[in-house]
Amino acid sequence: MNISFKDIALIIIASILVGFIYNSLNPKGISLIKEKKELVFESDSLLLSIDQEVETIDSIKTSEITEKELIPKGNNVRKDSVQKKEENKIIIEPFTEPKAIKIDLAYKLYQQGVKFIDARMPDEYSLGHIKGAYNIPFDGDESYREILNNFSKEEILVVYCGGTDCDLSFYLGNELSEKGFKRVYVFFGGWNEWIENDYPISKN
Amino acid sequence: MVRNKFLEFFLLAARIILSFLFIYAGAEKISDPESFSQAIENYKLFPIYSINFFAIIIPWIELISGLLLLFGIKVKENSLIISSLLVVFTLAVAISMMRGLNFDCGCFGKPSPIGWKKLGENFLMLVLCVMLIIYDSKLVSLSDKTKSN
């Protein structure tokens, strides 16, 4: 068994050289050091804001016009991520990267009628999913993504997958943000936490 | 050395199968480096700063070794390179299975989940590789015939 380790070294060095040269010339090339994309959790003030607004929903509806006039320019209320509410809809400032949310906020948004997207494969989706959620499997083909054409880029979208261990919602969330959706949330706890809390589900 | 004709043909077949698999795997990863980098990250086995280094060089090692193997140049050496890659891949898949992770293995272009099937495939390829390291393969080869005889 005469194996030339010199040749092996040569082949590997040649591969490394070609790899780096090709990568630097390739328009799709990647950076030498991978940038870690990390999820930022949405601040708890949003949760508090929704709570307050739900409590005061009736009073706001009746006094909307007067309240608008009463708020002076540069008021602290403006700085909060939730600005105002119209017809039971919360308004959130747009952001470029998806933000993570936990079960409490996810359920609040769900109650507001926000669209949920299931990033798991169709067979898992059909075994059970959050009631009313759309299925856009991240690893699935493009046809699933056609439904996105019906969504407004301004809409709030909540993406989820199996639970905290799965990355599908994170990837799909990034994809949606790159596609121009401005209010993408990744529901971190996902399906597992949803069923633990006995929140509405459906099967088909 | 008198060599069995059957063995020679078998080794040639092994060479061709392995080389096509690795040329395809390498070329596919070269065409989409971002996905491969993501695939390596999924395994959560390597520090983040080393991931793109591997993502840049591994596909080319696969492609170049595959091509050399196909043309019968430095068969033993290239088989050793490929088998080392296979051992690393197999370990990565096995560790991920033990951790209960379930994601696309990033092996060949189309999504294929990690699991026993993947381990089996890798093991078969490894057996072919080891045979090539032991017996070499000189049939239909571009390397220097005078030396090998």
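The values are calculated or read from the model by the stated rules, or taken from the named source; none is laboratory data. For clarity, every value in this text was computed on a predicted model and none was experimentally measured. Heads up, the Cβs are rebuilt from the backbone with ideal geometry, glycines too, and the neighbour counts pull from every protein chain shown.
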task: Would you mention how many residues in the stretch B:31-90 are within 23 Å of A:Asp167 (Cβ to Cβ) and either surrounded by fewer than 18 Cβ atoms within 10 Å (Cβ to Cβ) or not charged (D, E, K, R) (or both)?
output: 30
field: helices (runs of 4 or more DSSP H) completely within the stretch A:1-104 that count 1 or more residues being at pLDDT 85 or above and within 14 Å of chain B (Cβ to nearest Cβ)
entry: A:5-25
- request: Could you check, for the stretch B:81-88, whether at least one of its residues is facing chain A (nearest Cβ under 10 Å), under 21 Å from B:Gly26 (Cβ atoms) and among the β-branched types (Val, Ile, Thr)?
  value: yes
- prompt: Here are B:Ala55, B:Ala27: which of them is of a type in the set (Gly, Ala, Ser), free of Cβ contacts under 8 Å to residues at least 60 places away in the same chain, under 20 Å from A:Ile30 (Cα atoms) and more than 10 Å from chain A (Cβ to nearest Cβ)?
  reply: B:Ala27
statement: From the option list B:Ile114, B:Ile95, B:Ile81, single residue qualifying as within 19 Å of B:Asn42 (Cβ to Cβ), among the aliphatic types (A, V, I, L, M) and modelled with pLDDT of 85 or more is B:Ile95
task: Test each condition in (1) assigned to a loop (DSSP other than H, G, I, E, B); (2) farther than 24 Å from A:Leu47 by Cβ; (3) of a type in the set (A, V, I, L, M, F, W, C) for A:Phe181 and report the one that comes out false.
output: (2)
query: Within the stretch B:70-80, can you find the residues that are more than 11 Å from chain A (Cβ to nearest Cβ), farther than 14 Å from B:Tyr135 by Cβ and more than 13 Å from the chain's Cα centre (by Cα)?
result: B:Phe71
statement: Selection from the stretch A:107-157 of residues among the aliphatic types (A, V, I, L, M), touching an Asp or Glu at 6+ places or on another chain (Cβ under 8 Å) and part of a helix (DSSP H, G or I) yields none
- prompt: Which members of the stretch B:95-110 meet the condition of being surrounded by 15 or more Cβ atoms within 10 Å (Cβ to Cβ) and free of Cβ contacts under 8 Å to residues at least 40 places away in the same chain?
  reply: B:Met97
Residue pairs meeting the criteria (Cβ under 6 Å; at least 6 apart or on separate chains; first crowded, with 24+ Cβ neighbours inside 10 Å, in the stretch A:153-179; second among the charged types (D, E, K, R) and part of a loop (DSSP other than H, G, I, E, B)): A:Cys161/A:Arg120
